[in-house]
Amino acid sequence: MENIVRLKQEKREVHVIQSDDEALDIAKRLSADFAKTASARDLDRTLPFDELDALSQSGLLAITVPSEYGGLDVSNAVLAEITAILAEGDASIGQIPQNHFYILEALRTDGSEEQKRYFFERVLAGDRFGNALSEKGTKTVGQYNTRISREGLGYRINGRKFYSTGVLFADWVTVFAVDAEDRLTMSFVAKGAEGIEIVDDWDGFGQRTTGSGTTILNNVYVNADAVVHHHKGFERPSTIGSVGQIIHAGVDLGIARAAFGETLIFVKTQARPWMDSGVERASDDPLTITKIGQIAIRLEAASAMVERAGRKVDLAQIDPTEAKVVDATLAVAAAKVLTTEIALEASSTLFELAGTSSTRIGLNLDRHWRNARTHTLHDPVRWKYHVVGNYHLNDVRPPKNGAL
């Protein structure tokens, strides 16, 4: 596998995390640090290169490496909670590793033994994986024009990707392309390899610093031993989609928590009571209290559902039967629905309860709504309602894809 590395590997000092509790503590510490400058990064669109280096060095990006390859192999419930903790501090930083962990799950599921040994070792050494998956101009998000073609002992890849979250910060560009039989593959290419161009052109109004721009692939060479047959993971029961989706749920949960926290602070310290309320403080307004309680309860429900879904994904990973994978898929779909809805509600309620003064540009409180609205567009929850309902009503199993 060493011959696939085209660039000199950067040496990083990476902490080895020993337990789930330690991982959670590290995430909380990093999140608190990231939160201090999150608003400024959003306003100025300052990309978090230093913060991603800190994340790598902390060991958090290696927590899903299976134990047989030297990793901690945390529960998916813990992975989702760590994502939520990071996203509460900075939603963009919370999202960036999502593709990294999705790629590791796809590697665990369909990689060869040699590929697993090599790339899991690179992860333990602090390497980051970015995603070149989604494209513009196709009929649906599940279709791809990027092609991978045989050449000698390896392959050539040609195409153009958009929404390449994490690639700007990555050591490896993980390219998804269809082969001559229209089967989806996943190739590991060292960033900086000949023929790769990364364009920082992401201009979404939310999640502004994820670096989710364009990746251009012009006749990029990749060795055969760096190509994973990704389509196989969706030809049988697997947890690839569930792992990817529960991380997205964690991002939305973190955004909701951040918005709720800002709401509490503003209502307690700056908001004024309504003139007909008959109270001295906004925090004593009975309607405000009721609304705060409503958000808090829905946040608690979303958190509980994420944890429950994570445990079901754990069981399906250990024993990927059709029944257990379907159970995990439905639970993660429910978690994604609840976290999507509470992220949007909490970030909107912030302004409803805090009042007009909270809309000042300098406060940048709107970043929570912008982040929630942008990130929750990844996978429409209306279809998750449909998938769950169709299963219960008509015994139709969920489709096997990365969006479930």
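What the table below lists for this structure:
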{"item": "Some residue of region 272-285 being of a type outside the set (S, T, N, Q), on the phi > 0 side of the Ramachandran plot and without any contact (Cβ under 8 Å) to a residue 12 or more places away in the chain", "result": "yes"}
{"item": "Conditions (1) crowded, with 22+ Cβ neighbours inside 10 Å; (2) outside any helix (DSSP H, G or I); (3) hydrophobic (A, V, I, L, M, F, W, C); number of the one not met by Val279", "result": "(1)"}
{"item": "Counted residues, region 366-397 - those being in contact with a helix residue (DSSP H, G or I) (Cβ under 9 Å, 6 or more places away or on another chain), farther than 27 Å from Phe162 by Cα and part of a loop (DSSP other than H, G, I, E, B)", "result": "2"}
{"item": "Residue within region 346-360 that is open to solvent by less than 10 Å² (accessible area, probe 1.4 Å) and closer than 20 Å to Gln95 by Cα present", "result": "yes"}
{"item": "Residues within region 17-49 that are within 21 Å of Phe129 (Cα to Cα), outside any helix (DSSP H, G or I) and touching a residue at least 60 places away in the same chain (Cβ under 8 Å), tallied", "result": "3"}
{"item": "Residue in region 77-91 that is assigned to a helix (DSSP H, G or I) and polar (S, T, N, Q) present", "result": "yes"}
{"item": "Residue satisfying condition, being among the hydrophobic types (A, V, I, L, M, F, W, C), more than 15 Å from Ile240 (Cβ to Cβ), part of a helix (DSSP H, G or I) and open to solvent by less than 40 Å² (accessible area, probe 1.4 Å), within set Ala316, Ala334, Ala301", "result": "Ala334"}
{"item": "Residues (outside any loop (DSSP other than H, G, I, E, B) and either under 25 Å from Val251 (Cβ atoms) or β-branched (Val, Ile, Thr) (or both)) located in region 155-167", "result": "Ile157, Lys161, Val167"}
{"item": "Residue match in region 210-225 (condition: open to solvent by less than 10 Å² (accessible area, probe 1.4 Å), within 30 Å of Glu51 (Cα to Cα) and in a helix (DSSP H, G or I))", "result": "no"}
{"item": "Selection count where residues are open to solvent by less than 50 Å² (accessible area, probe 1.4 Å), of a type in the set (S, T, N, Q) and part of a strand (DSSP E or B), scope region 124-154", "result": "1"}
{"item": "Identity of the residue in region 381-404, in contact (Cβ under 8 Å) with a residue 12 or more places away in the chain and of a type in the set (Lys, Arg), that ends up most open to solvent (accessible area, probe 1.4 Å)", "result": "Arg397"}
{"item": "Strands (runs of 3 or more DSSP E) fully within region 168-207 counting 1 or more residues that are touching a strand residue (DSSP E or B) at 6+ places or on another chain (Cβ under 9 Å) and surrounded by fewer than 14 Cβ atoms within 10 Å (Cβ to Cβ)", "result": "196-199"}
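The values are calculated or read from the model by the stated rules, or taken from the named source; none is laboratory data. Because the structure is a prediction, the values reported are computed rather than measured. All Cβ positions, even for glycine, are placed from backbone atoms using ideal geometry, and neighbour counts span all protein chains on display. Accessible surface is based on the protein model in full, side chains and every heavy atom, while ligands, DNA and RNA are left aside. Shrake-Rupley method; radii C 1.70, N 1.55, O 1.52, S 1.80 Å.
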